[in-house]
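No value in this document is a laboratory result; all are computed from the given coordinates. Every value quoted in this text rests on a predicted model; they were computed, and no experiment measured them. Every residue, glycine as well, gets a Cβ built from its backbone with ideal geometry; the counts of neighbours run over all protein chains shown.
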Amino acid sequence: MEKLTNACADPCECSPDPAVLADFKRAIHALGGKWKLEILFALMNGAVRFGVLRRSIGGITQHMLTMQLRELEQDGLVSRTAFAEKPLRVEYELTDAAYGLLPAFKEILIWSRLYGDSRLATSQQA
């Protein structure tokens, strides 16, 4: 198996530097969680109201959706807009930072299609 450092355009970015690892962990943490990817995918087509978002993600509770949206907002991936209307209308949408993840998501999807099935087949043979 080829070492990761051979695949890097900038070897400094792939070094075992603790600061690089910390940056990577921060990025993974921003996306980690049972529901965050589902939320991000649900928002890919534009702004969505809370209730519509909740209905589009089967099995998520109101509390969990609120919690995950707050974390995504703190991490700069989702923006929340409250409209001064009665009843209050709140919409959530992806930020430019979230749209900046699209190339990484595409690469992960390619990786999953290339290697995900072989890993599954190997585990089923064991």
- Name the helices (runs of 4 or more DSSP H) wholly within region 21-126 that hold at least 1 residues that are under 12 Å from the mean Cα position of the chain (by Cα) and of a type outside the set (Phe, Trp, Tyr)? 36-42, 62-74, 96-99, 102-111
- Please find, within region 48-104, the residue that is surrounded by the fewest Cβ atoms within 10 Å (Cβ to Cβ) out of those that are acidic (Asp, Glu) and within 17 Å of Gly33 (Cα to Cα). Glu73
